[in-house]
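The structure appears below as structure tokens.
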Amino acid sequence: MTTKTPERVARLAGATDFRRVVYSEEELQRRVGEMGAEISDHYPNDEPILVLGLLKGSFIFLADLVRTIQRPLQVDFLVASSYGTGMVSSGKVQLLYDPDTSIEGRHVVLVEDIVDSGNTLQRILPVLEERGPASLEVCALLHKRLVKLDPEPRWVGFNAPSEFLVGYGLDHAEDFRHLPFIGSL
């Protein structure tokens, strides 16, 4: 019987240039639980939260996160893209899907997989602010700290290295999202 190490799983998934595991499955689950508790503590008990996920990268993180938030909540999604098939942001953010859900007067948590160039957040946040939420906060699993944002995400899972990361929802040309850990190509 062959042991399935994260490195072997990544290679079996087609990541021939897989370099290393950056965040293990256990590290991710621990930190996501902590973030869910922090979000739960931030909002009043009687006010529901709208958790708005940026697809596609945030979907696994968002699914795990909402199960740890101990407040009434609803979930919806936005689809924005700035990468295409490359490993570097194109700098051009396209809003591909904009939900019909009203955010006016609601507490909104925008969930992002990774803050890299900051272009996606700089494009999306003003659009959401114009819609009159009671509050708008960003929760990012990873932040590369390459840019200073205004506002910075309130909740950040990990300060990420300046490497191309895949797994746990993050992809390269739509591959590797299914890996249960985050690794570097």
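Taken over segment 155-184, the criterion of being crowded, with 18+ Cβ neighbours inside 10 Å and over 14 Å from the mean Cα position of the chain (by Cα) is satisfied by HIS172, PHE176, LEU179, GLY183, SER184. Would you confirm whether any residue within segment 117-130 is at pLDDT 90 or above and in a loop (DSSP other than H, G, I, E, B)? There is at least one residue in segment 117-130 that is at pLDDT 90 or above and in a loop (DSSP other than H, G, I, E, B).
Inside segment 1-113, counting only helices (runs of 4 or more DSSP H) that do not spill past its ends, which hold 2 or more residues that are modelled with pLDDT under 95 and surrounded by 14 or more Cβ atoms within 10 Å (Cβ to Cβ)?
It comes to 6-12.
Summed over segment 131-164, the residues that are among the hydrophobic types (A, V, I, L, M, F, W, C), in a strand (DSSP E or B) and under 14 Å from ARG31 (Cβ atoms) give a count of 7.
From the set of residues in segment 64-81 that are out of contact with any strand residue (DSSP E or B) (no Cβ under 9 Å at 6 or more places or on another chain) and not charged (D, E, K, R), which is nearest to GLU104 (Cα to Cα)?
Here the answer is GLN70.
Do we have any residue at all in segment 165-185 that's among the polar types (S, T, N, Q), more than 23 Å from VAL66 (Cα to Cα) and not in a strand (DSSP E or B)? No, segment 165-185 contains no residue that is among the polar types (S, T, N, Q), more than 23 Å from VAL66 (Cα to Cα) and not in a strand (DSSP E or B).
The values are calculated or read from the model by the stated rules, or taken from the named source; none is laboratory data. Please read all numbers here as calculations on a predicted model, not as lab measurements. Counting neighbours? That spans all protein chains shown, and the Cβs are built from the backbone with ideal geometry, glycine included.
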